[in-house]
Each structure stands twice: as structure tokens, then as C-alpha cells.
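S.K.: Starting off with a structure, shown below.
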Amino acid sequence: MILIVDDKEENLFSLQKVLERHGMEADTAQGGEEALKKILKHEYELIILDVQMPGMDGFEVAETLSGYSKAKDIPILFLSAVGKDKRFISRGYNSGGADYITKPVDPDILLLKAQHFIRLFRQTKELLEARAALSREVAIRKEAQQQLEFKVGERTAELLQTNRQLQERNEELQQFVFVASHDLKEPLRKIQLFSNMLLERFGKAAMSEDMKDCARRIDSAATRMTTLINGLLQFARLDEDFSFGLVQLSDVIKSAVSDLEVLVREKEAVVSIGPMPPVEVSAVLMQQVFQNLISNAIRFSKPQVIPRIHISGEKVALPLADAEVDQEGDYLRVKVADNGIGFDEKYLAKIFTIFQRLHANEVHEGTGIGLSITQKIIQKHHGLITARSSEGKGATFIIVLPLRQQTAI
């Protein structure tokens, strides 16, 4: 809406009709005091203000409006019958006017200027509203960010506290494992000692076959328990730090086969080892990995079938079990394939879980710790281990390791 301010009623009427004929809504005020009152009550987009009015002239009205926060941005178009005297024009602009038109007024010029200033006012208003909305959005986001940072700080402190507690519990658990293992081993040694003494002293005459069998069962159970405790100790020790070195993995595998010489010879097993590039590992721990895998392959062999184990290595570009071979790759994939009884792959996750076994001890001896230790060692090397198998068709264990330990999976 446009406010027309003039002390003469005929001027107000004519200007209002000109504007309304061209679709512009116009209001009138007969004098400066009335104009100020209306401006405080209504919203206007343009003020057409006569300069020469009795009481409060147009310049005084404009200067007063510049102090109103509600009206200071409304454009003012001065009308003057004085002419083009520079003193009046200069004062008009200095008092806050947007433009200056002399009387008699050209209706076309008035309309063009009114449309122009209204358009500018609306654009300015939209920009101010957008800026205010943006400021509110920035404030909201800043507050949200501060809240998020506070929550993150709280959560970080909680995680650090939880991590410290876990470390303490882990240390306590390791101490418990070592102490409990020592305390368990001592009575087991005595059980084995006295069961052997019974067989040696009284086995020939005083003991029946049933009694001898019971003594042997006691000794066998104590031996299995000792093996289980040793495996548990090995698993606990893997949380300790260890160093890496560049080694020939084929030499490590040969050492593992050598340590299994008695089992290999007993089962007449055939172990073949393919060429492999040097890899940065802990030789001691990797030897334990291949001892576990090779001994498992022999123990889970088919009856009346010579166990055959083939170990091969190849470079790959990605840390994936099924990655394409790449001679320039940064990872080494090792496969340990056998011709044993195999297993159903739906149990793949189970075989790497500590104390989980797929076969009863009467069928295939074991503690259920070996593959858990193997997986933990491979993870310590920033690698992965999995297997491919089906029942009755052997199994292939797949290990992927970074050639250099600074390359993490």
C-alpha cells in the first residue's frame, strides 16, 4: 500500500485516483501529524510526500520517520511545487528521500517511479527476511553443533573410561588365567603322576583290566586338560605386543612341518609347499598358525587315505579371499588345501570360535582353541582368514596378509 501525504484534499484525491486506476492501493493523510500516526498503525511500501505543508513540512516528516525502526526503510518520493531549486532537492535527499518530483506531476512518471520503488522495497524486504532466516538457521545450527560437540565430548569421555576399565579387566583376566592355569596344572600333574604309579606298581598283578582301563582314562583326561590349559594360556598371551620382521614364509612353514614330524610320519602325510614372496610377519606366531592348520588337516583326514596338504601363495591387489591375482599386489594370499573330511560351510563362523568343535572328542581329538588362536594371530597381522569346504571333499584355508605391515587391511 502507498501513503499519499499532502495538505490539500484535491491533490490527495487526484493522486489516489491515478494510482488506483493502475491497480495500486493507496491511502491518504492530510498533513504530517496524521501521516505519522497512520505509519505507526499500518504497513506501507511507499510514501509520496508533499514538501510544502503547514505545521510540519515534508522534510521534517521524513527526518522523523528515519528514527522509526518500523518506517526507516520505506522509500519516500518527494513532491514539490518549488521547482528544481538545488537547496530543496539536496535537503530532500539528506532527509532520507529516495527521489524528488516537481509539480505539476506527470502521471506516467509518477507511476513508473512508484512501481520501481515498490519493487525495490519488496526485494529489500525479502532479502532482509532471508538474512534474518539465515541468521536464525545459523544460530540454530551453531547451538546444535555445540550440543553435538558437548555430547561427543561426553561420549568420548565415557568411551575412554570404558576403555580404561576394559584394559583393567583384561589385565585382571590375564592374571587370573595365568594364576588359575598354574593352580590347575599342579593337581593335574599329581593326577597323572599317581595314575602312572598305580599302573607301574600294581598293574601287573593287583589290578584287574577294568581298573587298568580306569587308570588309563584318568591319565588321558588329565593330559587333555593340560593341553586345554596350555592352549588357553597361548590364547591369552596373544594380547601382548610382538615385533614383525621380513621373513621367507616357506621357511616358516617348513619349520612347522618339522615340529610335526612325529604326527606326519605316523599318518604318512605328504606336505608340499609352493614358492612365496617375503612377507613382514612374526615368524614365531606364523609358525604356530601353520602348525595348527597342518595338524588339523592331518587329524581330520579320511580313514585309510594318505593325508595330502598343499600350501601355495600368490600376490593379490586387494585384501579379499577371492581377489584377482596381481604380481604387483600389496597382499599375499596363502592357501592351505587338504583332501580330508571337510565340513559344511554353514559352520564356518563356528570353527573359529573358541571351544567350538564340529566333532566329538571320541571321533577327532582337539581342544577347540587351535583355530581361535590362528584367527587371533592373523588379525594381529592386520590380515584375514577364512575357509572353503564341503563335506567329504577336503578343505582349503585362505589367509590374506599385507606384505608390509605399514599397509593395513
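Please treat every number below as a calculation from the coordinates, not as lab data. This structure is a prediction, so every number in the text was calculated from the model and none was measured. A quick note on method: Cβ atoms are made from the backbone with ideal geometry, for glycine too, and the neighbour counts reach across all protein chains shown.
S.K.: Taking a cut-off of 43 Å, what percent of all Cα-Cα pairs in the chain are separated by more than that?
M.R.: Values: 43453 of 83436 pairs.
Of all Cα-Cα distances in the chain, 52 percent exceed 43 Å.
S.K.: If the cut-off is 17 Å between C-alpha atoms, which lysines fall inside it for LYS350, apart from same-chain ones fewer than 8 positions away?
M.R.: Straight-distance partners of LYS350: LYS376.
S.K.: Based on Cα coordinates alone, diagonalise the gyration tensor for segment 2-105, multiply each eigenvalue by 5, take square roots, and list the semi-axes in whole Å, largest first.
M.R.: Semi-axes, largest first: 18, 17, 12 Å.
S.K.: Whats the longest run of the chain with zero trypsin sites (Lys or Arg not before Pro) that are DSSP loop and have at most 15 other Cβ atoms within 10 Å?
M.R.: In short, 205-392.
S.K.: For the cross-link pairs LYS302/LYS380; LYS185/LYS267; LYS212/LYS302; LYS17/LYS37, which exceed 25 Å when the distance is taken from alpha carbon to alpha carbon?
M.R.: The answer is LYS302/LYS380; LYS185/LYS267; LYS212/LYS302.
S.K.: Report the normalised scattering of segment 241-402 as log10 I(q)/I(0) at q = 0.21 Å⁻¹, calculated by the Debye formula with identical scatterers on the alpha carbons.
M.R.: -1.57
S.K.: With unit charges on the beta carbon (Lys/Arg positive, Asp/Glu negative), name the residue among ILE399, LEU285, PRO303 whose Cα is farthest towards the positive pole of the charge dipole of segment 241-402.
M.R.: PRO303
S.K.: Would you mind ranking VAL257, VAL247 by Cβ crowding within 10 Å, fewest neighbours first?
M.R.: Ascending Cβ contact count within 10 Å gives the list VAL247, VAL257.
S.K.: Straight-line reach only, C-alpha to C-alpha below 28 angstrom: list the lysines that LYS151 could link to, leaving out same-chain residues fewer than 8 apart.
M.R.: By straight Cα distance, LYS151 reaches LYS142.
S.K.: Ok, one more. Who wins for biggest fluctuation among MET53, MET286, MET276 in a Gaussian network model of the chain, springs between alpha carbons below 10 Å?
M.R.: Most flexible of the set in this elastic network: MET53.
S.K.: Still on this structure, I have one more. I'd like the Karplus ³J(HN,Hα) series for segment 144-159: coefficients 6.51, -1.76, 1.60, θ = phi - 60°, whole numbers in Hz, and an x wherever there's a Gly or Pro.
M.R.: Calculated HN-Hα couplings, in order: 5, 5, 4, 5, 5, 4, 5, 5, 4, x, 4, 5, 5, 4, 5, 5 Hz.
S.K.: With unit charges on the beta carbons (Lys and Arg positive, Asp and Glu negative) and the dipole taken about the Cα centre of the chain, which residue among LEU112, THR102, VAL51 sits farthest to the positive side?
M.R.: Comparing the listed Cα positions along the dipole, LEU112 ranks first.
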